[in-house]
Structures are given as C-alpha cells and as structure tokens.
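What follows is calculated from the coordinates using simple rules that are stated; it is not laboratory data. Since the model is a prediction, treat every value here as computed from it, not as a measurement. Cβ: placed from backbone, ideal geometry, glycine included. Neighbour counts: every protein chain shown.
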Amino acid sequence: MATATKAKSKKKDLKITSWILHVHTSSNNTLINLIDTEWNKVSGGGTGKVGYKGSKKSTPYAAEVLTKQLLKDAQALWLKEMWVIFKWTGMARDGVFKAINEIWIIDVLYIQENTPIQFGWCKGKRPKRN
C-alpha cells in the first residue's frame, strides 16, 4: 500500500512594496488587516491579539498598539508605501492615525473612507386621523 506524503509548504519571500491597511472600527472592537495589492491577507487581527479584553478593545490606545505591531512586522516584509481604507465609525481611528504618523519610514499614498451610506430611508409613520 502506498503512503501519501504531505507536501511541505514553503514560505514565500514577500518583496511587495505596496500594501493596503484595511481598518474596521466598531463600537466594540477594532480589526486591522494588512493586505497586498492582490487582496491576499498577509497579517492582521483584532485588538484582542495584543491582550486587551472587554470594553478596552475599542479604545484608541489599543488600536495604536496593534497598528504599531503590525507595521513593525510589515517592515521586515519590505513595506515602503501603503494605502489606508477605513470602514465604520469608532474611536479607534485616532489611534491608527497616531501610529501611522509615529512611524516615518512608511509612506501613505492615500486614505479612503469606505463606510456605507444609508440610502432611501424607512417609510415614516402615517399621520393620525381625527
């Protein structure tokens, strides 16, 4: 009987200089993903990855710590310039901006707001009859 051999996965040497930092902030958590230009996730996670629990996960400081950690890891992968895409509203946006400004090695090409806008509201209450 032939035995199946498992193929060992080799880690690719990533030398892409342009990246996308996708930031999803909500009232309870902050998720940050570092994506290459072909929309493949390279690294990322939530503020719970850094060690924050409960209501502290949505603070700007927790987002700042997570962003600094991800960007320092990405500098080893030849990160030179990036695009930033924000989705939803939350307090953690300020922490992400602060972390990006403190790391001067990385150039920000553009910042995009990707929050969906409400369209075509709900039908209102009917007026009362007298």
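Overview of values
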{"quantity": "Computed E for Thr89/Thr17 - FRET, C-beta separation, R0 30 angstrom, nearest 0.05", "calculated": "0.45"}
{"quantity": "Rounded to 10°, Cα long-axis angle of helix 60-75 versus longest principal axis of the chain", "calculated": "30"}
{"quantity": "On Cα atoms only, tilt of 93-102 relative to the major axis of the chain in degrees", "calculated": "40"}
{"quantity": "Electrostatic dipole magnitude of the stretch 52-122 [Cβ: Lys, Arg +1; Asp, Glu -1; Cα centre; debye, to 20]", "calculated": "340"}
{"quantity": "Potential lengthening between Trp78 and Asp36 on full extension [0.36 nm per residue; Cα-Cα distance subtracted]", "calculated": "14.0 nm"}
{"quantity": "Considering only the chain, percent of DSSP beta bridges that pair antiparallel, nearest 5", "calculated": "50"}
{"quantity": "Rounded if a/c under 1.5, otherwise prolate or oblate - the stretch 23-119, Cα gyration tensor axes", "calculated": "oblate"}
{"quantity": "In nm, spacing of pseudo-spin labels at Gln69 and Ile103 (7 Å Cα→C-beta vector)", "calculated": "1.3"}
